Amino acid sequence: MDPSPLLLVCVFLGSLVALLGLFRPFLGFLVFLIVHFGTLLPNAPGNAGVYQFFCVLGLTLFGLPKTAAAGFSIVVYVLLEGPTWLIGFLVLAQNRLKIASIRKDIENFLKT
């Protein structure tokens, strides 16, 4: 497994934490670990809600106010998940698919 995507996410989180004025060595890495160990548990699709909870938990452990941590967690979640959503919608549009038709196909498949 190539570790470069994980390193990139750690650098990304560390850079955003530094922008908040909390530059401490390895803070981005530690928050990354807290968030990703927390999201190992079975939860909602796309880790919605759980990601924010563990991100706020990790940041408040290092002294960031809860409101700033909550805003940070939402911004990071949208920056990390947004491209995936965009690509998914572009693929749906390019193939002229609708979510309702996909849902209907799945229901028909499950009936057989």
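Counting only residues that are modelled with pLDDT under 85 and either charged (D, E, K, R) or farther than 15 Å from LEU13 by Cα (or both), the stretch 49-85 holds 1 of them. Of LEU16, LEU33, LEU41, all but one fail to be of a type outside the set (Gly, Ala, Ser), closer than 15 Å to PHE62 by Cβ, at pLDDT 80 or above and within 16 Å of the chain's Cα centre (by Cα); the exception is LEU33. For the stretch 53-71, a residue qualifies if it is part of a loop (DSSP other than H, G, I, E, B) and among the small types (Gly, Ala, Ser), and exactly one does: GLY63.
Looking at the stretch 27-50, is at least one residue part of a helix (DSSP H, G or I), polar (S, T, N, Q) and exposed (fewer than 15 other Cβ atoms within 10 Å of the Cβ)?
No, the stretch 27-50 has no match at all.
Listed by first and then second residue, the pairs with beta-carbon distance under 8 Å, at least 6 apart or on different chains, first residue in the stretch 42-70 and more than 26 Å from THR84 (Cα to Cα), second part of a loop (DSSP other than H, G, I, E, B), are PHE62/LEU22; PHE62/ARG24; GLY63/LEU22; LEU64/LEU20; LEU64/LEU22. Considering the stretch 73-112, and only residues there that are surrounded by 10 or more Cβ atoms within 10 Å (Cβ to Cβ) and polar (S, T, N, Q), the residue that is farthest from the chain's Cα centre (by Cα) turns out to be SER101. Of the residues SER101, SER73, the single one that is over 21 Å from PRO5 (Cβ atoms) and of a type in the set (S, T, N, Q) is SER101.
The values are calculated or read from the model by the stated rules, or taken from the named source; none is laboratory data. Given the structure is predicted, the values throughout are model-derived calculations rather than measurements. Glycine gets a Cβ as well: all are built from the backbone with ideal geometry, and neighbour counts include every protein chain shown.
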